[in-house]
Amino acid sequence: MKLADRVAALEARVTALEGRSAAEAPAAEGELWVLEGLRARHPEPGAVVLAGSVRLPDDRALEWQEGLETQALLDRDWAETADLLGALGHPVRLALLQRFLGGATTAAEAGTGTTGQIYHHLRQLVAAGWLRSVGGGRYEVPPQRVVPLMSIVMGAHR
């Protein structure tokens, strides 16, 4: 096979591989390294862990993790989380959070709509702890909320 043919075949294979989604990609050895570590630390009935290492567009680098054993999570009063999750239950609030994570710092930078509407949503996000005022009319997603928020959004797409 000529070199040009080999290169063309290789380029076609790379293009095909790049077009695959993560779910279609072949499993790599040790791909479940997070689960393997979790099982080693928490055998049956297991545990749930949220973790992330994130660098945001504003250059904040965040590393965060929290875990809870299965039974402790099942024993919690899930109804207590309704207000926290409810604050995320509006497309404008989710868009605001996404914009603040993307680098916006003020309501004017993050919002679309009337000032009254934006501040209504900001108040709800602040009350639930998904957003905090840092003074001077600026807001940010608290560091301890970044990975949980991203996990909720990621999990909603599964």
Hey, among the residues in the stretch 110-130 that are modelled with pLDDT of 95 or more and among the aliphatic types (A, V, I, L, M), which one's surrounded by the fewest Cβ atoms within 10 Å (Cβ to Cβ)?
A127
Restricting to the stretch 52-107, what's the tally of residues that are assigned to a loop (DSSP other than H, G, I, E, B), free of Cβ contacts under 8 Å to residues at least 40 places away in the same chain and among the basic types (K, R)?
1
I want to confirm something. Restricting to the stretch 85-127 and keeping residues that are of a type outside the set (S, T, N, Q) and in contact with a Lys or Arg (Cβ under 6 Å, 6 or more places away or on another chain), which single residue is nearest to P148 (Cα to Cα)?
L125
Qualifying residue in the stretch 97-109 (condition: modelled with pLDDT of 95 or more, under 29 Å from V34 (Cα atoms) and of a type in the set (A, V, I, L, M)):
yes
Which of (1) in contact (Cβ under 8 Å) with a residue 40 or more places away in the chain; (2) outside any helix (DSSP H, G or I); (3) out of contact with any Lys or Arg (no Cβ under 7 Å at 6 or more places or on another chain); (4) within 17 Å of G52 (Cβ to Cβ) does W130 not meet, given it meets every other one?
(3)
Quick check: anything in the stretch 139-158 more than 30 Å from R41 (Cβ to Cβ) and surrounded by 14 or more Cβ atoms within 10 Å (Cβ to Cβ)?
yes
Condition first: part of a helix (DSSP H, G or I), at pLDDT 95 or above and surrounded by 14 or more Cβ atoms within 10 Å (Cβ to Cβ). Can you find one or more residues in the stretch 36-46 that meet it?
no
Tell me, yes or no, whether the stretch 134-144 has at least one residue that is assigned to a loop (DSSP other than H, G, I, E, B), farther than 17 Å from A61 by Cα and modelled with pLDDT of 95 or more.
no
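The values are calculated or read from the model by the stated rules, or taken from the named source; none is laboratory data. Just so you know, these numbers come straight off a predicted model, no measurement behind them. Because the Cβ atoms are built from the backbone with ideal geometry, glycine has one as well, and the counts that use them run over all protein chains shown.
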